[in-house]
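Asker: Following this message is one structure expressed as structure tokens.
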Amino acid sequence: MTQQRTSPSSTKSTDNLLIQVQGLKMYFPVNAGLIIQKKIADIKAVDGVSFDIMKGETMGLVGESGCGKTTTGRCILMLYRPTAGEIKYEGVDITKLKNSELRPLRRKMQIIFQDPYGSLNPRMNAGAIIGEPIVIHKLIKSKAEYRERVESLLSEVGLNPYMSDRYPHEFSGGQRQRIGVARALAVEPQFIVCDEPVSALDVSIQAQVINLLEELQDRRKLTYLFIAHDLSVVRHISDRVCVMYLGKAVELTDRNTLYENPLHPYTKALLSAVPIPDPEVESKRERIILTGDVPSPLNPPPGCNFHTRCPIAIDICKSVIPEWREKDPGHWVACHRV
């Protein structure tokens, strides 16, 4: 059996389908040799992932560090050319397009990076950072229109227009991330990959940025792929959630079902690690402690990737890859024991 044979989507009409990811694989070659480089292995960063994203929804992508979340997002944006699989944007398989054919699509798909300190050019002021994509895509006809667009974008993300002359080191972390959001909005995209946009920020600032993203989504009719490892943040902003482990999707469903009725043992372990503010409830609930380390994507275990740490693994888990199947309507899981 092979994993990810079908592409799960929500129950909405396919007319609202924006992105289809089918059997996505991204392998990075490992080379050896000083003079003549020879490939000796592959790092299987993403290994057969499938899901759909509907127009106007937020798809959450969660999992431990190194499970392939960011690589999946970058493949969808074609920042990486996938090793195998399909990525359809409004019905067009963009993996088959040339770079020149991809360029018009760049306006429709943008990214907000994780690190607000490393993602902004320290030698450019805020106005130039936000305005650069506007100039590249030739969206303005005059300097006056350019200034007006930049000031409007700064205001939209909650910054004063007069800050356009300031440099990144003059802003706080939260303000820098707002500049990153404004830069992503500059070309008026349909779809934005939010790559852990709040993980480097203080908790109080996280809430402000999340609220800003939700307001912008309502106002501009945006679609998000929200990558995170903080499950409480994902539940707040996402409509549906896909859980990844070692390059594979293990569970996908709507946010409430995932938190109230998780099926995969890995999802249950992740949720058991999320603290609950009520000490009485916290003391009574089951805590699942996973033993061992995450295997290397250079040499993933046979069968189910999770069997080396799974508390309910049986013999079949060690040799047969679990089928990606719809256990309940809209609830997909890859596990022999479910």
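The values are calculated or read from the model by the stated rules, or taken from the named source; none is laboratory data. Since the model is a prediction, treat every value here as computed from it, not as a measurement. FYI the Cβ positions are ideal-geometry reconstructions off the backbone, even for glycines, and counts take in every protein chain you see.
Asker: Could you tell me which numbered condition residue 80 fails, if it satisfies all but one of (1) over 21 Å from residue 250 (Cβ atoms); (2) of a type in the set (Ser, Thr, Tyr); (3) assigned to a helix (DSSP H, G or I)?
Answerer: (3)
Asker: Is there any pair linking a residue in the range 105-118 that is assigned to a loop (DSSP other than H, G, I, E, B) to one that is buried (at least 16 other Cβ atoms within 10 Å of the Cβ) and among the charged types (D, E, K, R), with Cβ under 7 Å and at least six apart or on different chains, and which?
Answerer: So the pair list comes out as 113/195; 114/195; 114/196; 116/176; 117/176.
Asker: Anything in the range 300-331 that is touching a residue at least 24 places away in the same chain (Cβ under 8 Å) and either touching a Lys or Arg at 6+ places or on another chain (Cβ under 7 Å) or of a type in the set (Ser, Thr, Tyr) (or both)? List them, or say none.
Answerer: Passing the criteria: 300, 305, 312, 324.
Asker: Step by step: first the residues of the range 67-96, then only those that are in contact (Cβ under 8 Å) with a residue 24 or more places away in the chain and acidic (Asp, Glu), then the one that is surrounded by the most Cβ atoms within 10 Å (Cβ to Cβ). Which residue is that?
Answerer: 86
Asker: Scan the range 51-66 for residues that are buried (at least 18 other Cβ atoms within 10 Å of the Cβ) and touching a Leu at 6+ places or on another chain (Cβ under 7 Å) and report the count.
Answerer: The number of residues fulfilling the criteria is 7.
Asker: Would you point out which residue out of 228, 207, 184 is at pLDDT below 95 and under 23 Å from residue 89 (Cα atoms)?
Answerer: So the residue among 228, 207, 184 that is at pLDDT below 95 and under 23 Å from residue 89 (Cα atoms) is 228.
Asker: What single numbered condition from (1) under 18 Å from residue 252 (Cβ atoms); (2) free of Cβ contacts under 8 Å to residues at least 60 places away in the same chain fails to hold for residue 64?
Answerer: (2)
Asker: Spot the failing condition for residue 268; the list is (1) basic (Lys, Arg); (2) within 17 Å of residue 51 (Cβ to Cβ); (3) touching a Pro at 6+ places or on another chain (Cβ under 9 Å), and only one is missed.
Answerer: (2)
Asker: Considering only residues that are in contact with a Pro (Cβ under 8 Å, 6 or more places away or on another chain) and surrounded by 15 or more Cβ atoms within 10 Å (Cβ to Cβ), which ones fall in the range 153-166?
Answerer: Within the range 153-166, 154 is the sole residue that qualifies.
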